[in-house]
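Worksheet: one structure, shown below.
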Protein chains: 2
Amino acid sequence: MPTYRLDVSYDGAPFHGFARQDGVRTVQGDIEGVLERVLRTPVRTVCAGRTDTGVHARRQVMSFVVDEPADPATVARAINGLLGPEVACTGCVLVDDTFDARFSALWRSYRYRVLDAAVADPLRRNTVWHVMDRLDLDAMNRAASGFVGEHDFASFCRRAEGRTTTRTVTEAVWQTAGDEKLFAITATAFCHQMVRSIVGFCVDAGRGRVDPDSVPEVLAARDRSAARPIAPPHGLVLWEVGY
Amino acid sequence: MPTYRLDVSYDGAPFHGFARQDGVRTVQGDIEGVLERVLRTPVRTVCAGRTDTGVHARRQVMSFVVDEPADPATVARAINGLLGPEVACTGCVLVDDTFDARFSALWRSYRYRVLDAAVADPLRRNTVWHVMDRLDLDAMNRAASGFVGEHDFASFCRRAEGRTTTRTVTEAVWQTAGDEKLFAITATAFCHQMVRSIVGFCVDAGRGRVDPDSVPEVLAARDRSAARPIAPPHGLVLWEVGY
């Protein structure tokens, strides 16, 4: 059966998240609508990382299987023509039929942007979290380093009954980017709201509200109430997926 | 009479331009509304550069005169509290009563961002003009250099009856900024739609649709139909004003 890989980016602001839901505008719903229109048959897609309401993607990867082969360039053009400028397709290719955007993914990488300044920047209001307090980058990196490795992230995610919350984080680093603090985090996979929970903790460490060296204890608690408020969605971007 | 200088930035997207107009949301209308609320008296403001619908400002300068002195910090806080995140006040100070945001300004500087790529970037859709053709930076700079100096810009602006269209451009340079082309232009003052007209011309020069060395002729024509289509507003930012 012809299997396709679709690479898309999107502005999360106008969508109620990635995952298809009846009655609201979602990225998956919009894209499946275009696919159905172009391929003249209902299409079910899967993706590498289901982003929440307001979360952006620079490089989301999707896959789908159809009965009849279709022209990949036509699919890409249709998405760009019908869903731009909110959604862009940067590639559509026929792939081996063992490919699955979700299960074939080896790692996911996210970025989170924070501006710590007395006054917000209206031009970045949809892509950067503005924090009034000055943040201590060293404290944020001390906190971040505590997340690297294999851990049970139950304290840093929304619980999903019966599913493991153990994940392996391979990179978690804050750096300065212009006047912003930019967080890069990579893991084999993420639990729901895990990146925003980790960012919320790191930012509170940067503000001096929490001990940056307490990450191991908070992880050990396996209790979400032990963590900090989660960061808002608009600073977060699904950056890259590795296969 | 106490005279105040107000520095503001704003996202142009939700506004029908800077200048107050009945029945629509404008930057000046919103800010004067806050000032009236804080100062308990109607306030009339002036600004350094009246931006059109959709045009942004990183640093717009406004001034106003009131009968009774007010606390500048309270004014700034009220603007940030009531108009954020679309508008931010980066400063409010009491100034010498000869100061006028419009007439005291010695120069204005704008930036314009263009992304020339096969596919648009949804995350920059409100701040960057996406052009499908590859642009030749040298051709754009050859065109831009033709605008530097004192010229009659009638071919590059919306005509205003009875007003001079002679202006002095002191800087007009395109450079590469990441994957974008960034235009910096500075002049003593600008006519209406002058920056977007110049950008439209330069981009068409970069596409090979117009001779970059024809700027002197087009200026001499003093006829707007001799120029090129104007660039869209969302790539433009009022960057800085000099006093």
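Read the figures in this text as sums done on the coordinates, not as results from a lab. Fair warning: this is a prediction, and the values are worked out from it, not measured in the lab. Note that each Cβ is placed from the backbone with ideal geometry, even for glycine, and that neighbours are counted across all protein chains shown.
Some points to look at:
- 10 °C / 1.306 mPa s Stokes-Einstein diffusion coefficient of the stretch A:107-242, Kirkwood radius on C-alpha pairs, µm²/s: 107 µm²/s
- Averaging the sequence gap over all C-alpha pairs within less than 8 Å and six or more residues apart, then dividing by the number of residues, gives chain A a relative contact order of 24 percent.
- Residues residue A:24 and residue A:68, FRET efficiency given R0 of 45 Å [Cβ-Cβ distance, rounded to 0.05]: 0.90
- DSSP beta bridges fully contained in chain A are about 90 percent antiparallel.
- In this Cβ point-charge picture (+1 for Lys and Arg, -1 for Asp and Glu), the stretch A:1-117 has a dipole of about 320 debye about its Cα centre.
- Amide hydrogen neighbours beyond the local backbone of residue A:130, cut-off 5 Å, H modeled: A:115
- Plainly put, the tip 7 Å out from Cα toward Cβ on residue A:160 is 5.9 nm from that tip on each other copy, the closest given first.
- Modelled label positions at residue B:137 and residue B:209, each set 7 Å beyond Cα in the direction of Cβ, lie 2.2 nm from each other.
- Note on the stretch A:3-95: Cα-only Rg and Dmax are 11.9, 34 Å.
- Scanning the protein assembly as shown for cysteines with no neighbouring cysteine C-beta under 4.7 angstrom from their C-beta gives A:47, A:89, A:92, A:202, B:47, B:89, B:92, B:202.
- Extension gain, residue A:152 to residue A:103, is 15.6 nm, computed as 0.36 nm per intervening residue step minus the present C-alpha separation.
- Simple spin-label estimate for residue A:159 and residue A:53 gives 2.3 nm between the two label positions (7 Å along the Cα-to-Cβ direction from each Cα).
- Counting Lys and Arg as +1 and Asp and Glu as -1 over every other residue whose Cβ lies under 11 Å from the Cβ of residue B:207, the net charge comes to -1.
- Span from the the stretch A:168-243 Cα centroid across to the the stretch A:95-114 one, whole angstrom: 19 Å
- Distances between equivalent label points of residue A:136 across the copies, with each point positioned 7 Å along Cα→Cβ, amount to 5.6 nm, shortest listed first.
- Rounded to 5, percent antiparallel among DSSP beta bridges of the protein assembly as shown: 90 percent
- With the convex hull constructed from alpha-carbon coordinates only, the protein assembly as shown shows a mean projected area of 26.8 nm² over all directions.
- Charging the Cβ of each Asp and Glu at -1 and of each Lys and Arg at +1, and nothing else, the dipole of chain A about its Cα centre rounds to 360 debye.
- Shape category assigned to the stretch A:41-91 from the gyration tensor of Cα positions, a/c cut at 1.5: oblate
- The dipole here belongs to the protein assembly as shown: it is taken about the Cα centre, uses +1 on the Cβ of Lys and Arg and -1 on the Cβ of Asp and Glu, and is about 540 debye.
- As a rough footprinting exposure proxy, the listed residues A:238, B:135 were ranked by other beta carbons within 10 Å of their own, and the order from fewest upward is B:135, A:238.
- Three-way shape label, chain B, alpha-carbon gyration tensor, a/c 1.5: prolate
- Across the identical copies, the label point of residue A:242 (7 Å from Cα in the Cβ direction) is separated from its matches by 4.9 nm, in order from shortest.
- Residue and whole-Å distance for the chain B Cβ lying nearest the axis of the B-onto-A rotation are B:126, 4.
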